[in-house]
Structures are given as structure tokens and as C-alpha cells.
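One structure coming up, written as C-alpha cells, with questions to follow.
The values are calculated or read from the model by the stated rules, or taken from the named source; none is laboratory data. These figures come from a predicted structure and were not determined experimentally. Every residue, glycine as well, gets a Cβ built from its backbone with ideal geometry; the counts of neighbours run over all protein chains shown. Each accessible area value is taken on the protein alone, full model and side chains, heavy atoms only, with ligands, DNA and RNA left out. Shrake-Rupley method; radii C 1.70, N 1.55, O 1.52, S 1.80 Å.
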Amino acid sequence: NDLYTNKLWFKGKRRTAAFALKGKATKGTLTPGKMGKNGDQIGRLVGSAAEIFFIVYHSKIDESIVSQLEAYALGESFSGKVIWYGVIDGDDLNRLYQAYGNYFR
């Protein structure tokens, strides 16, 4: 995980969350092959001890990332654990920056 926290509030409770942050070194549309040296970063992310998982990238995120994230989350949920997940792409980051620009300094 690039970021792991137990300080995220969701549905009225404090939850654990893990983030995969893909930076400026990653170019073009984000695909599973760009997620870790062996393309296994999504599996490692969802395999951590969190309840909520995010993939954050400054540009476009391919649908295959969402599909793979969903598949891993579904697999983890078979153990009875409730899992939430999401992606934050460049458009979402821009909206967050516009709404909360003072926190991005």
C-alpha cells in the first residue's frame, strides 16, 4: 500500500483504508500491467487488512483496472468481510482540488 489509514470515516464508522497511488512517473492510461513490477499491485492492495480500497491516478483509468479491483474485492468478501472499493482518476482529482484546494498545499 502507498497509504494505509484507520482514520477514514464511512457510513458513520471509522474504517481502515488502503490506497494505491500512481504518480507522474506512470504515463498514459492506467492498466493492470502498470500496477506494480509484476502487475500484481491490485491483488496485494486488496490482500491487505483494510476494509476500503482506492486506486488513485492523475489521468485516465482503464476499465480493466475497475474490473480487476472488483474481482479481488469479491474474492475477499467470500470470507464474510465487507469490502468497499473505488477509483479516483484525473477528473475526480481535479474536482477534489477545486472543492478542497486549501488542503492540497
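So for the stretch 8-63, what percent of the C-alpha to C-alpha distances run longer than 14 Å?
The calculated P(r) of the stretch 8-63 puts 56 percent of pairs beyond 14 Å.
Say we join alpha carbon atoms closer than 10 Å with springs in a Gaussian network model of the chain; which of Val66, Val46, Val82 then has the biggest fluctuation?
In the Gaussian network model the winner is Val82.
Quick one: which residues, 5+ away or cross-chain, put their amide H under 5 Å from the amide H of Ile88? H built at 1.01 Å from N.
Excluding prolines and chain starts, which carry no amide H, the hits are Ile55, Val56, Tyr57.
Separation between the Gln98 and Lys37 pseudo-spin-labels, each 7 Å from Cα along Cα→Cβ, expressed in nm?
4.0
Enumerate the aspartates and glutamates that Lys81 could reach by cross-link, defined here as Cα to Cα under 17 Å, with residues fewer than 8 away along the same chain left out.
Cross-link targets: Glu51, Glu70.
List the residues whose amide H sits under 5 Å from the amide H of Leu8, counting only those 5 or more places along or on another chain, with H placed 1.01 Å from N in the peptide plane.
Counting only residues 5 or more places away or on other chains, the set is Arg15, Ala17.
What does DSSP give for the chain in terms of the percent of beta bridges that are antiparallel, rounded to the nearest 5? Before the final figure, lay out the partial values.
Working: 6 of 18 bridges.
So the antiparallel bridges in the chain amount to around 35 percent.
If the only charges are +1 at each Lys and Arg Cβ and -1 at each Asp and Glu Cβ, what is the size of the charge dipole of the chain around the Cα centre, to the nearest 20 debye?
Working: 15 positive and 10 negative charges, 91 e Å.
Taking the Cα centre of the chain as origin, the dipole is about 440 debye.
Once semi-axes √(5λ) of the Cα gyration tensor in Å is worked out from the coordinates, which option in (i) 19, 17, 13; (ii) 26, 21, 11; (iii) 21, 19, 11 does it equal?
So the structure-derived entry is (iii).
As a test question: what accessible area, to the nearest 10 Å², does Ile88 have when a 1.4 Å probe is rolled over all protein chains in place?
Looks like 30 Å² after rounding.
Ok, one more. Would you kindly derive the ³J(HN,Hα) couplings of the stretch 39-55 from the backbone phi angles with the Karplus curve 6.51 cos²θ - 1.76 cosθ + 1.60 (θ = phi - 60°), listing them in order in whole Hz, with x for Gly and Pro?
Along the stretch 39-55, the couplings run x, 10, 5, 5, x, 5, 4, 6, x, 6, 7, 9, 9, 10, 10, 10, 10 Hz.
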